[in-house]
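Trainee: Starting off with a structure, shown below.
What follows draws every value from the coordinates through simple rules; no lab data is involved. Nothing here was measured: the structure is a model prediction, and the numbers come from that model. Glycine gets a Cβ as well: all are built from the backbone with ideal geometry, and neighbour counts include every protein chain shown.
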Amino acid sequence: MMSGRYQIWDNFGSHISLFKLDTLINTLLCTKLLLFVILLCVCVYHWRRRKLYVLSWKSDGPWGLPLIGNNFMLTSSRAEIFNNIQDLHVKYRSKGSKHFKLWIGPDLHVALLDIKTITGVLNERLKKGKNYHLMDEFIHSGIFVNSNIPQWRASRKTITSVFSFAVLK
């Protein structure tokens, strides 16, 4: 007699396989434990981002699909991407919104439509977001995208003096 092993026989008496019941139980327990840990990690991830989700629900903008967000709107040629974003800008600006949201993958992006808000952000926020380099292809390194802060400040001072109120008169 084999201890801890069980033989499985089909109706004709031929041998199908040998296995340890202990191994099967351990495999099932490990699988359940692994699934529980994955579920727990997903719950913790979403719990930490709950404030972001609440702000997103309160903002205007197209609904994003799970995992990919609004990437389906941004997967064509550069001209079409620009036209899609411009259409969103016109749509939400005509509704009177000061901003609209776009989900690009798991990241929430907010497009500002109000000039006062844009001015405040450009004056205060020197370090750009982690995905800001995506705009390099469209507007290249310049006053808005330059990550070199001393160079950005020098460019900004030059531009500000050129467009000052006295010069524009």
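Trainee: Residue-wise, which Karplus ³J(HN,Hα) couplings in Hz belong to the stretch 110-124, taking 6.51 cos²θ - 1.76 cosθ + 1.60, θ = phi - 60°, and x for glycine or proline?
Mentor: After applying 6.51 cos²θ - 1.76 cosθ + 1.60, I find 10, 9, 8, 10, 9, 4, 5, 5, 4, 4, x, 5, 5, 7, 9 Hz.
Trainee: Short version: ³J(HN,Hα) in whole Hz for each residue of the stretch 94-99, in order, from phi by Karplus 6.51 cos²θ - 1.76 cosθ + 1.60 (θ = phi - 60°), x for Gly and Pro, what are they?
Mentor: Once θ is set to phi - 60°, the couplings for the stretch 94-99 become 5, 7, x, 6, 8, 6 Hz.
Trainee: Treat each spin label as a single point 7 Å out from the Cα along the C-beta direction, and report the residue 110 to residue 28 distance in nm.
Mentor: It is 5.0 nm.
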